[in-house]
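First up is the structure itself, then whatever we jot down about it.
The values are calculated or read from the model by the stated rules, or taken from the named source; none is laboratory data. Being a predicted model, the structure only gives us computed values, none of them experimental. A quick note on method: Cβ atoms are made from the backbone with ideal geometry, for glycine too, and the neighbour counts reach across all protein chains shown.
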Amino acid sequence: MFSVKCVFSGVAVALLSLCLAHVSVAEETLEEIIVTADFRERSVAEVPLSITVLDRAMIEQAAVQHFEELIYSLPNINWSGDGNRARFFQIRGVGELEQYEGAPNPSVGFLIDDIDFSGIGAVATLFDIQRIEILRGPQGSRYGANALAGLIFVQSVDPTDEWTGMARLTAGQDGTVAGGVAFGGPVSAGSTLRYRFSAHHYQSDGFRNNTFLGRSDTNGRRESTVRGKLLWETDSDWSFRLTGMYTDIDDGYDAFAIDNSLTVLSDKPGKDAQASAGASFKAVWRGSDTISLTAITSFVNSDIDFSFDADWGNETSWAPFTYDFVSLNDRERKTMSQEIRIASTDGGGLFNDAAQWLAGVYLFRLEERLMTVNRGEYFDPFSGFALSLDPPPFDSRFESLNVALFGQLGFAIGDSGELTVGLRVENRSTDYTDSLGLALGPSETMLGGEIAYSVNFVRNLTGYLSLAKGYKAGGFNLGLVPADRRNFEQEKLWNLEAGIKSFWLDGRLLFNAAVFYNDRRDQQVRTSFQLVPNDPASFVFFTDNAAKGKTLGLEADLKWIPDDAWELYANVGFLNAEFDDFVTPLGDLSGRDQAHAPAYTLALGGVYRHPSGVFARIDVSARDEFYFDVSHDQKSEAFELVNVRLGYQTARWTAQIWARNLFNERYAVRGFFFGNEPPNFPPTLYIRQGDPRQIGITFEMRY
């Protein structure tokens, strides 16, 4: 049987051969890509940083439910499978792997329609989504403390000028059933007030078979999303957009097995649930010839229930030993943000309109309450050793207030160059209390920004060089950590980057590339140790500062329309992310690669459309091995995934059959190394498997 690696190479050669065989000039060209996550909406070619933009067509062609399923097609982006769905992301090797206790402090910003879900990205369902923008590198001026590594910005479909709608049904293996509707347009004929409404539900069994309980749905997924939008563009130069959303992620969590298989034995399956209700309001005024004003308000309330069977077994599987532990975590988070910015327009710049300017203020308030219960018992009938754990619930409350001032200047340099300078000053004050009597309230001021020079060498070829500084607030550790590890310092990240952005062949070929070097100072690293060898719930997680970290890497992406029937793409990311001079209680990690930072990420594929309406698509991705954590030296294995779909499309409807992970590749999305098997509890690598092969059908109607 052919290996998937052979298939990967074969697909690459086949696609190239097909391209060379179809050399007729295409009438279709690649559309200009607009970035909306920056201060000003502009073409991706004009933004001096590494960006990937997935538009509506790309997202719908991928036929996926959740953002985690798109990650393998993106260079230098990874995720941590610490729950049922991806909640924690890493960009260029920087990002959290989990959060159990302590203050939330994400490195990767995650926004949906201007609503901040940083650190709680499980709500990233993808029905009726207009675009996803991934900004790599520190966003020191634009987003501040929550975007040390970069930003993921998701925007749902806006209301349209004409009445439109769609309905989609999906069925597949693993008990997968999904359905959704979306529609909208003017509230009445000729009205400038428009609306959009969408609702979607998805469910599957979760690819696990619990033989002890006789169930196949203990790791199941039940995910519902409802969105609504109002867009009003008045005749007096005002525009208003109100967005509301409710997402209910009611997933089980029964993903780990002692033998690292998809057959699980837990008697108390857990949950990975998140219910979030949020809204955003954006007002833009363009009534002046020289300035514009933008105000964005958002809030979201989230209830997160995360629990798991810590021993992964039952009374039969562990007999004659008594071994039964469970962990329950109930989190409530409320956030509110307000941003106001004023910007120059053409005619309002400084120095005879040679320099465009922008200034603003940002406030962000977060309240979080966490209730944690760890309980269980252990008895060894041979030695007589017994352990019982039933402590009172641990209750903690955390509040933070971030206030930032920011500004940006863009200077025209000659006929084709631009120099951009940005600065952000941010103060974060906090207040923490818990049921053990600990009370803390640190505050600090942080400084970030960037300087970038971009130049248009020739038509459709732009180059840039930038230096950016990002930051991430310091904090404190809880629980039984050593006294000298109680506090950790603010982290700073300097990013030096150079890149090109280009169109060729009359707009049919796009090629972008960037090289970068990251210098991380006082790098924050999340690690852990186990207090009691035979208590799997006794892990203590804490954040430490590495003396320094460094990353050298590259991203490149290519899109090509060789003729009107074919559209092809390829992208690659290379990463060398290491610790410098980092000694932990578990050993010296100096020179070791950082966790969840594969050395290469590759993706390529294409779609073929026949004039009759028949289409076919293939997507191939590959990832190198990576360390699972900093607390041990265990690694994943390199893997490759192949997704395919075949369908028929008309102006009104589309039907397709699809297969994900076509060759049923075994791959890991998370790994732990500890003792979890009585009576000797030898340290063992336990991995969470990624989703196996799944085949299904999707039918969509548009009206």
Practice problem: Report yes if some residue within the stretch 201-212 is in contact with a helix residue (DSSP H, G or I) (Cβ under 8 Å, 6 or more places away or on another chain), modelled with pLDDT of 95 or more, part of a strand (DSSP E or B) and buried (at least 16 other Cβ atoms within 10 Å of the Cβ); otherwise report no. | Solution: no
Quiz item: Quick one: ILE291 ticks every box in (1) under 30 Å from the mean Cα position of the chain (by Cα); (2) surrounded by fewer than 17 Cβ atoms within 10 Å (Cβ to Cβ) bar one, so which box is it?
Solution: (1)
Exercise. Working carefully through the options ALA452, ALA473, find the one that is aliphatic (A, V, I, L, M), within 19 Å of GLN523 (Cα to Cα) and crowded, with 16+ Cβ neighbours inside 10 Å.
Key: ALA473
Quiz item: Taking strands (runs of 3 or more DSSP E) that do not extend beyond the stretch 88-145, which have at least 2 residues that are within 20 Å of ASP158 (Cβ to Cβ)?
Solution: 108-112, 129-136
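Here is a yes/no grid of residues against (1) within 15 Å of GLN65 (Cβ to Cβ); (2) not β-branched (Val, Ile, Thr):
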residue	(1), (2)
GLU162	no, yes
THR176	yes, no
VAL181	no, no
SER198	yes, yes
Practice problem: Taking the residues in the stretch 289-322 that are charged (D, E, K, R) and farther than 30 Å from GLU677 by Cβ as candidates, determine which candidate is modelled with the lowest pLDDT. | Solution: ASP289
Quiz item: When only residues in the stretch 36-53 that are surrounded by 21 or more Cβ atoms within 10 Å (Cβ to Cβ) and aliphatic (A, V, I, L, M) count, which is nearest to ARG688 (Cα to Cα)?
Solution: ILE51
Self-check item: Top-ranked residue in the stretch 514-547 [being surrounded by fewer than 19 Cβ atoms within 10 Å (Cβ to Cβ), of a type in the set (A, V, I, L, M) and modelled with pLDDT of 70 or more; ranked as farthest from PHE574 (Cα to Cα)]
Solution: ALA547
Exercise. Considering each of GLY407, GLY441 in turn, give the residue that is under 23 Å from LEU366 (Cα atoms) and either surrounded by fewer than 17 Cβ atoms within 10 Å (Cβ to Cβ) or touching a residue at least 24 places away in the same chain (Cβ under 8 Å) (or both).
Key: GLY441
Practice problem: Output yes when any residue across the stretch 255-265 is in a strand (DSSP E or B) and surrounded by fewer than 16 Cβ atoms within 10 Å (Cβ to Cβ), and no when none is. | Solution: yes
Practice problem: State whether the residues of the stretch 57-66 include one that is in contact with a strand residue (DSSP E or B) (Cβ under 9 Å, 6 or more places away or on another chain), in a loop (DSSP other than H, G, I, E, B), within 30 Å of LYS548 (Cβ to Cβ) and modelled with pLDDT of 90 or more. | Solution: no
Self-check item: Count of residues meeting criterion [crowded, with 21+ Cβ neighbours inside 10 Å and among the aliphatic types (A, V, I, L, M)] in the stretch 645-668
Solution: 1
